[in-house]
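Structure first, commentary second.
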Amino acid sequence: MKRKIIIDCDPGHDDVLAILTAHHYCQQLEILGITTVAGNQTLQKVTDNILKVEDYCQLDYPVYMGYDSPIVLKSEPQPLAHGESGLDGFVFEKTNRKTESMHAIDFFKKCLIENDKVTIVALGPLTNVAMFVKTYPQLANKIDQVVLMGGSIDSGNILPCSEFNIYHDPHAAYILFNSGVKIVMAPIEACYSGKIYLKELMEFNKPGKLYKMLDGLMKFYSKYATDRNWDSTAIFDVLPVEYLIHPEFFDTKEMYVNIEIEGKYTRGMTVCDKTGRKINSITTTVMVAVNRDEFIKDVLAALSSLNEQLG
(Lines give C-alpha, C1' and ligand atoms only; values in the text may rest on other atoms or scores of the structure.)
Protein backbone atom coordinates (compact mmCIF):
# COMPACT_ATOMS: atom_id res chain seq x y z
CA MET A 1 0.00 0.00 0.00
CA LYS A 2 1.28 3.45 -0.90
CA ARG A 3 2.07 5.86 1.91
CA LYS A 4 0.10 9.07 1.43
CA ILE A 5 2.24 12.15 2.00
CA ILE A 6 2.05 15.93 1.89
CA ILE A 7 5.35 17.72 1.25
CA ASP A 8 5.52 21.00 3.18
CA CYS A 9 8.53 23.00 2.04
CA ASP A 10 10.34 26.26 1.26
CA PRO A 11 12.14 25.39 -2.03
CA GLY A 12 15.24 25.62 -1.81
CA HIS A 13 17.90 23.53 -3.66
CA ASP A 14 17.75 20.58 -1.29
CA ASP A 15 13.93 20.75 -1.24
CA VAL A 16 14.01 20.22 -5.01
CA LEU A 17 16.22 17.16 -4.64
CA ALA A 18 13.84 15.80 -2.00
CA ILE A 19 10.73 16.37 -4.13
CA LEU A 20 12.34 14.74 -7.16
CA THR A 21 13.41 11.75 -5.07
CA ALA A 22 9.88 11.37 -3.70
CA HIS A 23 8.51 11.59 -7.25
CA HIS A 24 10.85 8.81 -8.35
CA TYR A 25 9.37 6.60 -5.62
CA CYS A 26 5.79 7.19 -6.76
CA GLN A 27 5.04 3.46 -6.43
CA GLN A 28 5.67 3.72 -2.69
CA LEU A 29 4.75 7.35 -2.00
CA GLU A 30 1.55 9.04 -3.12
CA ILE A 31 2.19 12.79 -3.05
CA LEU A 32 -1.20 14.34 -2.35
CA GLY A 33 0.14 17.85 -2.81
CA ILE A 34 2.89 20.32 -2.04
CA THR A 35 2.47 23.17 0.42
CA THR A 36 4.80 26.14 0.74
CA VAL A 37 5.92 28.22 3.68
CA ALA A 38 8.20 31.21 4.16
CA GLY A 39 11.71 30.14 5.11
CA ASN A 40 14.69 30.02 2.77
CA GLN A 41 13.10 32.94 0.99
CA THR A 42 9.77 34.77 0.96
CA LEU A 43 6.60 32.77 0.50
CA GLN A 44 6.06 34.15 -3.00
CA LYS A 45 9.60 33.33 -4.12
CA VAL A 46 9.63 29.77 -2.83
CA THR A 47 6.19 29.16 -4.31
CA ASP A 48 7.30 30.49 -7.68
CA ASN A 49 10.30 28.18 -7.44
CA ILE A 50 8.30 24.98 -7.07
CA LEU A 51 5.88 26.00 -9.82
CA LYS A 52 8.82 26.54 -12.19
CA VAL A 53 10.45 23.26 -11.20
CA GLU A 54 7.21 21.38 -11.72
CA ASP A 55 6.78 22.96 -15.15
CA TYR A 56 10.37 22.20 -16.20
CA CYS A 57 10.32 18.64 -14.87
CA GLN A 58 6.78 17.86 -16.08
CA LEU A 59 5.43 17.20 -12.60
CA ASP A 60 1.78 17.76 -11.84
CA TYR A 61 1.30 18.04 -8.09
CA PRO A 62 -1.10 20.70 -6.80
CA VAL A 63 0.64 23.49 -4.90
CA TYR A 64 -0.93 25.30 -1.95
CA MET A 65 0.47 28.44 -0.35
CA GLY A 66 0.74 28.60 3.42
CA TYR A 67 1.98 31.24 5.83
CA ASP A 68 4.19 34.12 4.76
CA SER A 69 5.75 34.70 8.19
CA PRO A 70 6.39 32.88 11.47
CA ILE A 71 3.69 32.83 14.12
CA VAL A 72 5.34 35.46 16.35
CA LEU A 73 8.64 36.57 14.84
CA LYS A 74 9.63 38.16 11.54
CA SER A 75 10.86 36.16 8.55
CA GLU A 76 14.60 35.94 8.04
CA PRO A 77 15.33 34.71 4.49
CA GLN A 78 18.79 33.21 3.90
CA PRO A 79 20.08 34.32 0.47
CA LEU A 80 23.63 33.24 1.32
CA ALA A 81 22.72 29.57 0.96
CA HIS A 82 20.03 29.68 -1.71
CA GLY A 83 20.43 33.03 -3.45
CA GLU A 84 18.13 36.00 -3.89
CA SER A 85 15.59 33.89 -5.78
CA GLY A 86 15.76 31.09 -3.24
CA LEU A 87 16.81 28.81 -6.10
CA ASP A 88 19.78 30.48 -7.80
CA GLY A 89 21.96 28.68 -10.33
CA PHE A 90 19.52 27.94 -13.14
CA VAL A 91 17.38 30.30 -15.16
CA PHE A 92 13.85 28.96 -15.54
CA GLU A 93 11.43 30.19 -18.14
CA LYS A 94 8.31 31.91 -16.90
CA THR A 95 5.50 29.53 -16.11
CA ASN A 96 1.75 29.87 -16.38
CA ARG A 97 1.22 27.38 -13.60
CA LYS A 98 -0.83 28.65 -10.70
CA THR A 99 -1.29 27.65 -7.11
CA GLU A 100 -4.55 26.22 -5.85
CA SER A 101 -6.90 28.68 -4.17
CA MET A 102 -7.13 26.71 -0.91
CA HIS A 103 -4.80 27.66 1.95
CA ALA A 104 -2.23 25.06 2.97
CA ILE A 105 -3.80 24.22 6.32
CA ASP A 106 -7.21 23.80 4.74
CA PHE A 107 -5.60 21.40 2.27
CA PHE A 108 -4.17 19.50 5.25
CA LYS A 109 -7.69 19.41 6.70
CA LYS A 110 -9.19 18.09 3.45
CA CYS A 111 -6.56 15.36 3.14
CA LEU A 112 -6.92 14.20 6.73
CA ILE A 113 -10.72 14.07 6.50
CA GLU A 114 -10.57 12.07 3.27
CA ASN A 115 -7.77 9.66 4.28
CA ASP A 116 -7.22 7.43 7.28
CA LYS A 117 -3.61 8.40 7.76
CA VAL A 118 -1.34 10.96 6.12
CA THR A 119 2.37 11.54 6.65
CA ILE A 120 3.57 15.14 6.53
CA VAL A 121 7.09 15.54 5.18
CA ALA A 122 8.18 18.91 6.59
CA LEU A 123 11.26 20.36 4.89
CA GLY A 124 11.05 23.98 6.06
CA PRO A 125 9.93 25.97 9.09
CA LEU A 126 6.99 24.34 10.84
CA THR A 127 4.54 27.25 10.65
CA ASN A 128 1.98 25.51 8.42
CA VAL A 129 2.07 22.24 10.35
CA ALA A 130 1.81 23.92 13.75
CA MET A 131 -1.04 26.18 12.69
CA PHE A 132 -2.92 23.18 11.35
CA VAL A 133 -2.51 21.33 14.65
CA LYS A 134 -3.56 24.44 16.56
CA THR A 135 -6.56 25.20 14.31
CA TYR A 136 -7.83 21.64 13.84
CA PRO A 137 -6.70 19.71 16.94
CA GLN A 138 -9.47 17.15 16.41
CA LEU A 139 -7.67 15.98 13.24
CA ALA A 140 -4.14 15.86 14.66
CA ASN A 141 -4.47 12.18 15.59
CA LYS A 142 -5.00 11.35 11.90
CA ILE A 143 -1.48 12.49 11.12
CA ASP A 144 0.46 9.25 10.88
CA GLN A 145 3.71 11.05 11.55
CA VAL A 146 5.59 14.24 10.76
CA VAL A 147 8.98 13.43 9.30
CA LEU A 148 10.94 16.65 9.36
CA MET A 149 14.30 18.11 8.56
CA GLY A 150 15.18 20.44 11.38
CA GLY A 151 16.85 20.86 14.70
CA SER A 152 20.09 19.54 16.08
CA ILE A 153 21.29 17.31 18.87
CA ASP A 154 24.09 19.50 20.17
CA SER A 155 25.20 21.89 17.42
CA GLY A 156 23.79 24.52 15.06
CA ASN A 157 24.05 26.18 11.67
CA ILE A 158 22.57 29.62 12.33
CA LEU A 159 23.32 29.91 16.07
CA PRO A 160 25.79 27.72 17.97
CA CYS A 161 22.99 25.40 19.12
CA SER A 162 20.20 26.20 16.65
CA GLU A 163 19.30 24.94 13.18
CA PHE A 164 17.64 27.35 10.73
CA ASN A 165 14.23 25.73 10.18
CA ILE A 166 13.47 25.60 13.90
CA TYR A 167 15.15 28.97 14.56
CA HIS A 168 12.98 30.63 11.90
CA ASP A 169 9.77 29.77 13.74
CA PRO A 170 10.55 28.33 17.19
CA HIS A 171 6.99 28.93 18.41
CA ALA A 172 5.65 26.71 15.63
CA ALA A 173 8.15 24.01 16.53
CA TYR A 174 7.15 24.28 20.19
CA ILE A 175 3.48 23.77 19.29
CA LEU A 176 4.21 20.73 17.15
CA PHE A 177 6.67 19.05 19.52
CA ASN A 178 4.15 19.43 22.36
CA SER A 179 1.11 18.33 20.33
CA GLY A 180 1.46 14.58 20.84
CA VAL A 181 1.88 13.99 17.09
CA LYS A 182 4.52 11.37 16.29
CA ILE A 183 7.67 13.10 15.03
CA VAL A 184 10.72 11.75 13.24
CA MET A 185 13.48 14.35 13.18
CA ALA A 186 16.44 14.62 10.82
CA PRO A 187 18.81 16.94 12.71
CA ILE A 188 21.80 18.57 11.10
CA GLU A 189 24.16 15.96 12.58
CA ALA A 190 22.45 13.25 10.54
CA CYS A 191 22.42 15.52 7.51
CA TYR A 192 26.17 16.04 7.77
CA SER A 193 26.56 12.28 8.19
CA GLY A 194 24.78 11.90 4.82
CA LYS A 195 26.94 14.46 3.02
CA ILE A 196 27.59 14.33 -0.70
CA TYR A 197 31.14 14.87 -1.93
CA LEU A 198 31.53 17.69 -4.42
CA LYS A 199 33.16 15.30 -6.88
CA GLU A 200 29.97 13.23 -6.81
CA LEU A 201 28.01 16.25 -8.02
CA MET A 202 29.89 15.93 -11.31
CA GLU A 203 27.33 13.22 -12.08
CA PHE A 204 25.00 16.04 -13.14
CA ASN A 205 27.49 17.36 -15.70
CA LYS A 206 26.15 14.90 -18.27
CA PRO A 207 23.51 15.06 -21.02
CA GLY A 208 19.87 15.28 -20.08
CA LYS A 209 17.23 17.90 -19.35
CA LEU A 210 17.01 17.17 -15.64
CA TYR A 211 20.79 17.05 -15.24
CA LYS A 212 21.08 20.43 -16.98
CA MET A 213 18.89 21.96 -14.27
CA LEU A 214 20.55 20.07 -11.43
CA ASP A 215 24.05 20.89 -12.62
CA GLY A 216 23.30 24.61 -12.50
CA LEU A 217 21.47 24.45 -9.19
CA MET A 218 24.07 22.36 -7.41
CA LYS A 219 26.99 24.42 -8.67
CA PHE A 220 25.45 27.40 -6.93
CA TYR A 221 24.41 25.43 -3.85
CA SER A 222 27.87 23.89 -3.41
CA LYS A 223 29.57 27.30 -3.68
CA TYR A 224 29.00 27.74 0.06
CA ALA A 225 31.17 24.65 0.59
CA THR A 226 33.82 25.45 -2.03
CA ASP A 227 34.25 28.97 -0.64
CA ARG A 228 35.21 27.35 2.67
CA ASN A 229 37.45 24.69 1.11
CA TRP A 230 35.10 21.89 2.09
CA ASP A 231 35.07 18.74 -0.01
CA SER A 232 31.39 17.98 0.60
CA THR A 233 28.01 19.48 1.36
CA ALA A 234 24.86 18.29 3.12
CA ILE A 235 21.65 17.77 1.13
CA PHE A 236 19.51 18.25 4.20
CA ASP A 237 15.94 17.90 2.98
CA VAL A 238 16.49 14.62 1.17
CA LEU A 239 16.84 12.71 4.45
CA PRO A 240 13.14 12.66 5.44
CA VAL A 241 12.13 11.31 2.03
CA GLU A 242 14.82 8.63 2.01
CA TYR A 243 13.88 7.65 5.56
CA LEU A 244 10.37 6.80 4.38
CA ILE A 245 11.74 4.56 1.62
CA HIS A 246 14.87 3.16 3.24
CA PRO A 247 14.64 3.37 7.04
CA GLU A 248 17.40 0.74 7.15
CA PHE A 249 19.87 3.41 6.00
CA PHE A 250 19.38 5.32 9.27
CA ASP A 251 20.43 4.89 12.88
CA THR A 252 17.80 6.39 15.17
CA LYS A 253 17.33 6.96 18.86
CA GLU A 254 14.25 7.83 20.89
CA MET A 255 14.77 11.09 22.78
CA TYR A 256 12.65 13.57 24.66
CA VAL A 257 12.90 16.80 22.65
CA ASN A 258 11.58 20.26 23.39
CA ILE A 259 12.12 23.72 21.90
CA GLU A 260 13.78 26.79 23.38
CA ILE A 261 11.76 29.87 22.40
CA GLU A 262 13.15 32.51 24.76
CA GLY A 263 16.93 32.29 24.65
CA LYS A 264 18.93 35.11 23.07
CA TYR A 265 21.71 32.73 22.04
CA THR A 266 19.63 29.56 21.89
CA ARG A 267 16.45 30.61 20.05
CA GLY A 268 15.10 27.55 18.28
CA MET A 269 17.40 25.13 20.04
CA THR A 270 16.02 21.59 19.99
CA VAL A 271 16.82 20.40 23.49
CA CYS A 272 17.44 16.67 23.05
CA ASP A 273 17.67 14.95 26.39
CA LYS A 274 19.80 11.86 25.93
CA THR A 275 19.62 10.95 29.61
CA GLY A 276 15.92 10.02 29.56
CA ARG A 277 14.54 12.97 31.52
CA LYS A 278 10.94 13.56 30.52
CA ILE A 279 10.97 17.09 29.08
CA ASN A 280 8.03 16.28 26.81
CA SER A 281 4.95 14.07 26.81
CA ILE A 282 6.26 11.73 24.10
CA THR A 283 9.61 10.89 22.63
CA THR A 284 10.84 11.94 19.20
CA THR A 285 12.55 9.50 16.85
CA VAL A 286 15.84 11.25 16.12
CA MET A 287 18.07 10.24 13.24
CA VAL A 288 21.60 10.17 14.60
CA ALA A 289 23.50 8.85 11.57
CA VAL A 290 23.01 7.60 8.03
CA ASN A 291 24.80 5.04 5.91
CA ARG A 292 26.28 7.71 3.66
CA ASP A 293 27.35 5.49 0.78
CA GLU A 294 24.00 3.72 0.44
CA PHE A 295 22.05 6.95 0.94
CA ILE A 296 23.94 8.90 -1.74
CA LYS A 297 23.96 5.93 -4.11
CA ASP A 298 20.19 5.68 -3.87
CA VAL A 299 19.58 9.41 -4.37
CA LEU A 300 21.85 9.59 -7.40
CA ALA A 301 20.20 6.49 -8.88
CA ALA A 302 16.75 8.04 -8.43
CA LEU A 303 17.82 11.27 -10.14
CA SER A 304 19.55 9.34 -12.94
CA SER A 305 16.34 7.43 -13.61
CA LEU A 306 14.32 10.65 -13.74
CA ASN A 307 16.88 12.21 -16.06
CA GLU A 308 16.46 9.32 -18.49
CA GLN A 309 12.68 9.59 -18.34
CA LEU A 310 12.70 13.33 -18.98
CA GLY A 311 15.05 12.97 -21.94
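A few remarks follow.
- Long-range neighbours under 6 Å by Cβ, at least six apart or interchain, first residue farther than 16 Å from Cys9 by Cβ within segment 71-85, second not in a loop (DSSP other than H, G, I, E, B): Ile71/His171; Ile71/Ala172; Val72/His171
- Counting the residues of segment 222-248 that are assigned to a helix (DSSP H, G or I) and open to solvent by 20 Å² or more (accessible area, probe 1.4 Å) gives 8.
- Residue in segment 34-44 that is surrounded by fewer than 24 Cβ atoms within 10 Å (Cβ to Cβ) and either closer than 27 Å to Gly208 by Cβ or touching a Leu at 6+ places or on another chain (Cβ under 9 Å) (or both) present: no
- Considering residues of segment 1-33 that are among the small types (Gly, Ala, Ser) and crowded, with 21+ Cβ neighbours inside 10 Å only, the residue modelled with the lowest pLDDT: Gly12
- Scanning segment 263-311 for residues that are open to solvent by less than 50 Å² (accessible area, probe 1.4 Å), assigned to a helix (DSSP H, G or I) and not aliphatic (A, V, I, L, M) yields a total of 6.
- Top-ranked residue in segment 141-177 [being within 13 Å of Thr266 (Cα to Cα) and small (Gly, Ala, Ser); ranked as surrounded by the most Cβ atoms within 10 Å (Cβ to Cβ)]: Gly151
- Spans of helices (runs of 4 or more DSSP H) in segment 58-164 with at least 3 residues aliphatic (A, V, I, L, M) and under 19 Å from the mean Cα position of the chain (by Cα): 127-135
- Test: residue in segment 25-41 that is of a type outside the set (S, T, N, Q), out of contact with any Gly (no Cβ under 9 Å at 6 or more places or on another chain) and outside any strand (DSSP E or B): yes
- Flag for Val63 being more than 24 Å from Asp298 (Cβ to Cβ) and either at pLDDT below 95 or out of contact with any helix residue (DSSP H, G or I) (no Cβ under 7 Å at 6 or more places or on another chain) (or both): no
- Residues of segment 70-95 that turn out to be over 27 Å from Lys264 (Cα atoms) and at pLDDT below 95, as a count: 3
- Screening segment 176-190 for residues that are assigned to a helix (DSSP H, G or I) and touching a residue at least 60 places away in the same chain (Cβ under 8 Å) and picking the one that is farthest from Lys253 (Cα to Cα) gives Phe177.
- Top-ranked residue in segment 267-304 [being hydroxyl-bearing (Ser, Thr, Tyr) and more than 22 Å from the chain's Cα centre (by Cα); ranked as nearest to Leu159 (Cα to Cα)]: Thr275
The values are calculated or read from the model by the stated rules, or taken from the named source; none is laboratory data. Keep in mind the model is a prediction, meaning the values are calculated, not measured. Glycine gets a Cβ as well: all are built from the backbone with ideal geometry, and neighbour counts include every protein chain shown. Protein only, heavy atoms only, side chains kept; ligands, DNA and RNA dropped before computing areas. Shrake-Rupley method; radii C 1.70, N 1.55, O 1.52, S 1.80 Å.
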